[in-house]
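Notes for the one structure printed next.
The values are calculated or read from the model by the stated rules, or taken from the named source; none is laboratory data. The shown structure was predicted, so the numbers you read here are calculated from the model rather than taken from an experiment. Every residue, glycine as well, gets a Cβ built from its backbone with ideal geometry; the counts of neighbours run over all protein chains shown.
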Amino acid sequence: MDIIFLDGLVVETVIGVYPLERNIKQKVIFDLEMAWDIRRAAETDDIAHALDYKAVSDRVIEFVAASEYFLVETLIENLAKILLQEFSIPWVKITLNKKGAIPEAGGVGISIERGQRP
């Protein structure tokens, strides 16, 4: 299986448990890896057979920007469900970096894998 990736996607959203975090938008950075067999797209040179990473990025931005979760765990889990269902992706790995959450750290976040990796 082939892997389509999308790295460094920055989205502003309300995320966090502390009162200050509930009143501001913070940047979260996403790296995605998605399983997809590219052979048919390559043979036909037709986007109808490809995983449209522009559509994926638009959907991630739309969902995350409109969300207001307390926990990054909830945000990333719900995002994984959307990607698996709406794009018929068999497997996805998502890394969420809430850069700046811990000023002394270069980044803090979570990575999850969902679905069946072929």
**OP:** Look at I110 and say whether it is in contact with a strand residue (DSSP E or B) (Cβ under 9 Å, 6 or more places away or on another chain) and surrounded by 13 or more Cβ atoms within 10 Å (Cβ to Cβ).
**Re:** yes
Original post:
With respect to D37, is the statement that it is surrounded by fewer than 17 Cβ atoms within 10 Å (Cβ to Cβ), touching a residue at least 24 places away in the same chain (Cβ under 8 Å), more than 14 Å from the chain's Cα centre (by Cα) and under 18 Å from G115 (Cα atoms) true?
Top reply: yes
Original post:
Looking at (1) modelled with pLDDT under 95; (2) touching a Lys or Arg at 6+ places or on another chain (Cβ under 9 Å), which is the one condition that is false for P19?
Top reply: (2)
Original post:
Mind checking which residues of region 56-81 are closer than 14 Å to L9 by Cβ and in contact with a helix residue (DSSP H, G or I) (Cβ under 8 Å, 6 or more places away or on another chain)?
Top reply: V56, R59, V60, F63, V64, L75, L79
**OP:** Answer yes or no: is there a residue in region 14-31 that is in contact with an Asp or Glu (Cβ under 8 Å, 6 or more places away or on another chain), over 18 Å from I102 (Cα atoms) and free of Cβ contacts under 8 Å to residues at least 40 places away in the same chain.
**Re:** no
Original post:
Give me the pairs: first residue in region 51-77 and more than 16 Å from L6 (Cβ to Cβ), second residue basic (K, R) and surrounded by 15 or more Cβ atoms within 10 Å (Cβ to Cβ), beta-carbon distance under 7 Å, and six or more apart or on different chains, which are they?
Top reply: V72/K98
